[in-house]
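What follows is a set of notes on a single structure, which appears directly below.
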Amino acid sequence: MSDSPALDIAHVSHRFGQRSALSDVSLTVGRGRFMALLGPNGAGKTTLFSVITRLYNNQDGRVSILGHPLDREPSRALARLGVVFQARTLDTDLTVAQNLHYHASLHGITRRAARERIAHLLDRVGLAERRDDKIRTLSGGQSRRIEIARSLIHAPRLLLLDEPTVGLDLESRADIVGIVRALVREEGLSVLWATHIFEELSPDDDAVVLHRGRIVARGRAGEIGEPGETLEAAFRRLVSEPRQAA
Amino acid sequence: MSRSSNPVATATDPAAGAVSHAVPHAGRLDAVGYLIALGGIVRRELLRFFNQKERFFSALVRPLVWLFIFAAGFRNTLGVSIVPPYETYVLYEVYVIPGLAVMIQLFNGMQSSLSMVYDREVGSMKVLLTSPYPRWTLLFAKLIAGVSVSIVQAYAFLAVAYFWETDIPPVGYLAALPAFLLAGMMLGAIGLFLSSLVRQLENFASVMNFVIFPMFFASSALYPLWRIRESSDTLYWICMINPFTHAVELVRFALYGKFEPLACAVVIGTTLAFFTLAVIAYDPGRGIMARRGGPAGEPT
């Protein structure tokens, strides 16, 4: 179990009625790796995240988090998973600390232990002084940083982020990317980062391209596509071609 | 209650000054951990409630308007004869107080349901459901949180009504607490189930029209059942099968230090039935979650 990957998805398919949202998706996020999940809107990224977070039961295939199968050991699997959803999910009427304490309690962390951890994580995301401010007074980028702090409260080993920088200005985007990359580099956190913003990737990152529910390319971000082709150009070509499995 | 357990472990590594991930999970996954989660969910609901002062006052004003205006106006028209649990003739105002207190819980149950729909739309339901505890225990915690708010509201109403002619013995206020708990659980469970059916916040007005008003008016909250039977046998039986009637009677008897077994059985049975339906509806593999595409109802 100690050498099992952070996330192992094997042959996962999911349908909404007659419409196929995911078709035979397999991917592995290694421990301490940053994997980008690239795909246009409607590619199935959010559905895949919903399957990994057990908001949907996968209809075919299997998902394991740190060696814990999601269907047989959901509590152990979810305990090791931190999530930043695409939609803002903080309670805007409550303060930063109240939101974080609520999340800590959802993972069975006592208020005393949570206080220490919250102080530490707010420091980490550079918002220690906003602890007692209501969420509605924060900017979009600051809210996102709070959501990252929240996702780390229970010390997960795998972090999922669903397009976390959408709608943010350049500076806020760089902050978010910097915080998450530091977590990977310094603490060995494993990350699955859904995006369609190519500037957020570095050539050494693992990447998969999802299109119409299927993976159409995979590899190091710098190596996807034809020789001499940029990642963005390769992506545009892949998602404009008729669907094919990688 | 839980599928596994972990020892409590600190997640911070002060020496390194960084967040340590050497521990598998910072919290506990056992029953104690679940109680911490339950406490956190209740606390959030109470914080939200006290932050919305207008919600508190509107919850209080509604029954007080009924009591001060409607009941006072009808006190001479609607005399109430001696029916259990009352041991003497009571004024109409005295009769309607239990019904109005449970009406608060009815509105609150639906309000909680509304907040579940809102939580689904803004995504905080996703955060709740990714907690590692079994899903039914999270829904149960949501239910308890809503009931806690409704009990605060019901007792605030009783405190104001105390200065009106309430006629409730002091011990009745204590004896009514478990009755309010059960009544609140039943109405909350119905609300929880309804929240799984209502896809968007905008559709919630129909819940008001088709659930709250029929449940309230076709019950023993405003008029004793023997009076209803005098005018219509059919309406009487509609009131009898309405679980809200039994919630009102359970509280009415408890306020006078008495126990009504039929009402108690109906309230517990209805709670179990609707809670089970809600758990099925929120199950990721069955119910609406699978059919409609998850808590937020999003298709992709």
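Brief remarks on what is shown
- Per-region count, region A:148-180, residues assigned to a helix (DSSP H, G or I), of a type in the set (Asp, Glu) and surrounded by fewer than 16 Cβ atoms within 10 Å (Cβ to Cβ): 1
- In region A:85-112, residue farthest from the other protein chains (Cβ to nearest Cβ) [restricted to those that are of a type in the set (A, V, I, L, M, F, W, C) and surrounded by 21 or more Cβ atoms within 10 Å (Cβ to Cβ)]: A:Val96
- Of the residues making up region B:131-158, those that are crowded, with 23+ Cβ neighbours inside 10 Å and either basic (Lys, Arg) or free of Cβ contacts under 8 Å to residues at least 12 places away in the same chain (or both) number 1.
- In region A:47-72, the residues that are in a loop (DSSP other than H, G, I, E, B), facing chain B (nearest Cβ under 7 Å) and out of contact with any strand residue (DSSP E or B) (no Cβ under 7 Å at 6 or more places or on another chain): A:Arg54, A:Leu55, A:Asn57
- Segments classed as helices (runs of 4 or more DSSP H), wholly inside region B:112-207, with at least 1 members that are touching a Ser or Thr at 6+ places or on another chain (Cβ under 6 Å) and over 30 Å from A:Ile146 (Cα atoms): B:170-197
- Residues of region A:78-94 that are of a type in the set (Gly, Ala, Ser) and in contact with an Asp or Glu (Cβ under 9 Å, 6 or more places away or on another chain): A:Ala87 alone.
- Flag if A:Ala217 is touching a helix residue (DSSP H, G or I) at 6+ places or on another chain (Cβ under 6 Å), closer than 23 Å to A:Pro156 by Cβ and not in a helix (DSSP H, G or I): no
Yes or no, residue by residue, for (1) modelled with pLDDT under 90; (2) out of contact with any His (no Cβ under 9 Å at 6 or more places or on another chain):
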residue	(1), (2)
A:Ser143	no, yes
A:Leu158	no, yes
A:Phe235	yes, no
A:Ala246	yes, yes
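- Residues considered: A:Asp132, A:Asp123. Of these, the only one that is over 21 Å from A:Val177 (Cβ atoms) and more than 7 Å from chain B (Cβ to nearest Cβ) is A:Asp132.
- The lone exception for A:Leu183 - which of (1) over 12 Å from the mean Cα position of the chain (by Cα); (2) within 14 Å of chain B (Cβ to nearest Cβ); (3) crowded, with 18+ Cβ neighbours inside 10 Å; (4) closer than 19 Å to A:Asn99 by Cβ it fails: (4)
- Against the conditions (1) in contact (Cβ under 8 Å) with a residue 60 or more places away in the chain; (2) within 18 Å of the chain's Cα centre (by Cα), A:Arg212 satisfies every one except (2).
- Condition met for A:Ala36 (surrounded by fewer than 18 Cβ atoms within 10 Å (Cβ to Cβ) and either free of Cβ contacts under 8 Å to residues at least 40 places away in the same chain or part of a strand (DSSP E or B) (or both)): no
- Some residue of region B:98-107 being more than 14 Å from chain A (Cβ to nearest Cβ), assigned to a helix (DSSP H, G or I), among the polar types (S, T, N, Q) and in contact with a Gly (Cβ under 9 Å, 6 or more places away or on another chain): yes
- Residue in region A:80-101 that is over 27 Å from A:Phe198 (Cβ atoms), at pLDDT below 90 and in a strand (DSSP E or B) present: no
- Of A:Ala10, A:Ala77, all but one fail to be modelled with pLDDT of 90 or more, on the phi < 0 side of the Ramachandran plot and surrounded by fewer than 19 Cβ atoms within 10 Å (Cβ to Cβ); the exception is A:Ala10.
- Count of region B:225-272 residues which are surrounded by 17 or more Cβ atoms within 10 Å (Cβ to Cβ), touching a Phe, Trp or Tyr at 6+ places or on another chain (Cβ under 8 Å) and not in a helix (DSSP H, G or I): 2
The values are calculated or read from the model by the stated rules, or taken from the named source; none is laboratory data. None of the values given here were measured: they were computed from a predicted structure. Positions of Cβ are backbone-derived with ideal geometry, glycine not excepted, and every protein chain shown enters the neighbour counts.
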